[in-house]
Amino acid sequence: MQVAPAVELESVSFAYGGGETVLREVDLRIGTGEFVALAGPNGGGKTTLLRLVLGLERPAAGAVRLYGEPAERFSARDTLGYLPQRASLALDAPVTVREIVAAGTLPARGVFGPLRRADRARVDEAIALVGLAERTDDQLRLLSGGQQQRAMIAKALAGRPRLLALDEPTTGVDAESQEALGELLARLHDDLGVTILYVSHEFGAVEHHVERLVLVRGAIVFDGPPSELPGLWHDPSHVHV
Amino acid sequence: MFESEFMRLAFAVGAVIGVLAPAVGFFLVQRRLSLIGDGIGHVAFAGVALGILLDVSPILTALVAAVAGGVAIEWLRSRRLAAGDQALALVFYTGIAAGVVLVSLAGSLDVNLFQYLFGSILTVTRQDVVVVALLGLAGLLCIAVLYRAFSAVVIDEEGARVSGVPVGFLNVVLAVLAALTVALSLQIVGVLLIAALMVLPVTAATRIGWSLASTMLLSIGLGLGSVFLGLTISYYADLPPGGTIVLVAAGGVAVAAVGGALQSSTR
C-alpha cells in the first residue's frame, strides 16, 4: 500500500479577502520524515503556504492534504506541533517554562483531561530534550530569545508530534543561538523521525541540516537540496522569478 | 458591622464575586480582552431595564442579556465580522442605548436605577445570596476544570487551534462565564464598575506573580481583599460600595506596581 505523503499541495492558489494572489498554482509534496526549509523574501507567501498546510487558511483553488486527508478537516490534529511567529506569543503574565510545555500535552489529553504523572514525565522529558532542564521553573520572559524558542519547541514536542512546523523561529535570536537551534532541530529529526517544516526568510541556521530547500515567491521558484541552490539565491532577498 | 443583616449578606455575595470576577478576568486580561466585561456590563444594563419594564427579576433578565451579549461579541470577533474592539463597541453602545430606551419606556429613569449602575448592598436578599452562591460555585467549578485548557489558549491560541484544541468552544465558555460574573455582581458593584473587579486585581497580580498559577491565585486573593476592604470602608465611611471596592482595587495596582519594580531592581 502506498503511504500518503505528510504534506501534499495540488495546484494551490490563494488570495487574502479576494485581494492580490499570494500563491499561484503551487504543487508540493513533502514525505514523512523529511526536514524541509521553506524560504523566500518577506511577502513571498511562505507563511501563507504554511498556514494552508496547517488548515488555518483554505485555498481559493486546488487541494491541500495532510497525511492524505484534507488539511482543514485533518482528524489527528494532536499529532501536529506548531510554533507561530514570536510576535503572536507576547504574553503579559509571568509564565514558567514548565507551564508553557505542559500546555503542549493538552491536545492529547483533551480539554477535560487532568495532567497525569505520565504527562508530567513527558513535560520533563521535552524540557530536557531542548536543554532547558536547569530553567524549568524560570519565567519565560527572563530567558534569552533563543531559549524562549527552545521552550516553545519543547511545548510542541510534549505533544509528541509527527509533524513540527516552525514559522520564522530565528526572529530576534542571536547568530549563536540560531546555529544551536538548527542543530537541535536536526537532532530531533534524526532521533525522533519528526517531519519538520521550517519557514524563514533566512535559512542559514538550517542550511547544513535540511534535505530540501523550497524557495517561495508567489510560486515555488526552487525545490531541491541546498547544495544545488544557485549562488545568486543564497541571499533570499535576491530571489527573482 | 456584622450585626446588620444586610452587611452579612453583602459579605456573602462579595465573597463569591471577589473570587469569581478575577478568576474569569485573569483569562480575559491575558488575551487582551480586558474591556469585554465593560461591554457585557452595558448589555446587562439593557437586561435590567427589560426586567423593570416587564416587572420580572432584573437580575434574571440581566443574566440572559449578558450571556447573549458575551456570545455576540465572541461570535463577531471569531468570524472576523468585526475587529475585537469594533465588536465590543457595537455591543457596548447598542446595550446602553437599548437600556436607556427601555428604562424610559418603563418610566423608571430615577434614582432606583442607580442601584444597578453602581451597586447597592441594601438590596441584597437571602434568596439573592443562594442564587449567587450556586451560580458562582458553578462558574468556579467550570474554571477549575478548564483551567489548563484556558491556559493553553492564553499561552498560544494559534498553536492550540492547530493541535485541535476546541478554541472556539473555550472562548464561548469564557464569554458566558464573564456574563455570569457581570450578572451576579450587579447588586454589589453595579454594571458600570464590575469590569474593574475583573481587570484590576489581575493587573496588580501580573506585576508580582512568578508563574501563571501564582498570578491567578494572587488575582483571586487581591479581588477578595478588595471586596472585603471596600465593603468595610463603605460601611464605616457611608460611601457607595461599588466605587469604594474599585478604588481599593486600583490602590492595589499602585502598590503592586511599586512592589514589582522593587522586585525587578533586586533581581
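Give me the helices (runs of 4 or more DSSP H) completely within the stretch A:96-169, filtered to those with at least 2 residues that are hydrophobic (A, V, I, L, M, F, W, C) and surrounded by fewer than 22 Cβ atoms within 10 Å (Cβ to Cβ), ordered by residue number. Of the helices (runs of 4 or more DSSP H) lying wholly inside the stretch A:96-169, those with at least 2 residues that are hydrophobic (A, V, I, L, M, F, W, C) and surrounded by fewer than 22 Cβ atoms within 10 Å (Cβ to Cβ) span A:117-129. When B:LEU231 is tested against (1) within 9 Å of another protein chain (Cβ to nearest Cβ); (2) surrounded by 22 or more Cβ atoms within 10 Å (Cβ to Cβ); (3) in contact (Cβ under 8 Å) with a residue 60 or more places away in the chain, only condition (1) is not met. Within the span defined as the stretch A:23-31, one or more residues are farther than 17 Å from A:ALA4 by Cβ, surrounded by fewer than 22 Cβ atoms within 10 Å (Cβ to Cβ) and over 16 Å from the mean Cα position of the chain (by Cα).
Going through the stretch A:1-50 one residue at a time, which ones are assigned to a loop (DSSP other than H, G, I, E, B) and of a type in the set (Gly, Ala, Ser)? Selection gives A:ALA4, A:ALA6, A:GLY19, A:GLY31, A:GLY33, A:GLY40, A:GLY43, A:GLY44, A:GLY45. Does A:GLY113 meet the test of being without any contact (Cβ under 8 Å) to a residue 24 or more places away in the chain and assigned by TED's automatic domain parsing to the domain that holds A:PRO230? Criteria not met by A:GLY113. Take the conditions free of Cβ contacts under 8 Å to residues at least 24 places away in the same chain and facing chain B (nearest Cβ under 8 Å) and apply them to A:GLU72. Does it pass? Judged against the criteria, A:GLU72 is not a match. Residues that are over 15 Å from B:GLY25 (Cα atoms) and of a type outside the set (Val, Ile, Thr) were ranked within the stretch B:187-213; the one that is farthest from the other protein chains (Cβ to nearest Cβ) is B:GLN187.
Is it the case, given these coordinates, that B:GLY159 is among the small types (Gly, Ala, Ser), surrounded by fewer than 22 Cβ atoms within 10 Å (Cβ to Cβ) and over 21 Å from the mean Cα position of the chain (by Cα)? Against the criterion (among the small types (Gly, Ala, Ser), surrounded by fewer than 22 Cβ atoms within 10 Å (Cβ to Cβ) and over 21 Å from the mean Cα position of the chain (by Cα)), B:GLY159 does not qualify. Listed by first and then second residue, the pairs linking a residue in the stretch A:161-184 that is farther than 22 Å from A:THR48 by Cβ to a residue that is assigned to a helix (DSSP H, G or I) and β-branched (Val, Ile, Thr), with Cβ atoms under 6 Å apart and 6 or more places separating them unless they lie on different chains, are A:ARG162/A:THR79. Scanning the stretch B:156-186 for residues that are free of Cβ contacts under 8 Å to residues at least 24 places away in the same chain, within 22 Å of A:LEU83 (Cβ to Cβ) and either within 9 Å of chain A (Cβ to nearest Cβ) or of a type in the set (Gly, Ala, Ser) (or both) yields B:ASP156, B:GLU158, B:GLY159, B:ALA160, B:ARG161, B:VAL162, B:SER163, B:GLY164, B:VAL165, B:PRO166.
Here is a check on your reading of the model: is B:THR244 crowded, with 19+ Cβ neighbours inside 10 Å, part of a helix (DSSP H, G or I) and within 14 Å of chain A (Cβ to nearest Cβ)? Taking the combined requirement at face value, the residue does not satisfy it.
Among the residues of the stretch A:54-95, those that are surrounded by 22 or more Cβ atoms within 10 Å (Cβ to Cβ) and not in a loop (DSSP other than H, G, I, E, B) comprise A:VAL64, A:LEU66, A:ALA71, A:LEU80, A:GLY81, A:TYR82, A:LEU83.
I'd like the residue in the stretch B:183-192 that is hydrophobic (A, V, I, L, M, F, W, C) and buried (at least 24 other Cβ atoms within 10 Å of the Cβ) and, out of all such residues, is farthest from B:GLY41 (Cα to Cα). The residue in question is B:ILE188. Yes or no: the stretch A:113-124 includes at least one residue that is more than 14 Å from every other protein chain (Cβ to nearest Cβ) and under 16 Å from A:LEU181 (Cβ atoms). No: the stretch A:113-124 contains no residue that is more than 14 Å from every other protein chain (Cβ to nearest Cβ) and under 16 Å from A:LEU181 (Cβ atoms).
The values are calculated or read from the model by the stated rules, or taken from the named source; none is laboratory data. This one's a predicted model, so the numbers in the text were calculated from it and none came from an experiment. Please note: Cβ atoms are built from the backbone with ideal geometry, for glycine as well, and neighbour counts cover all protein chains shown.
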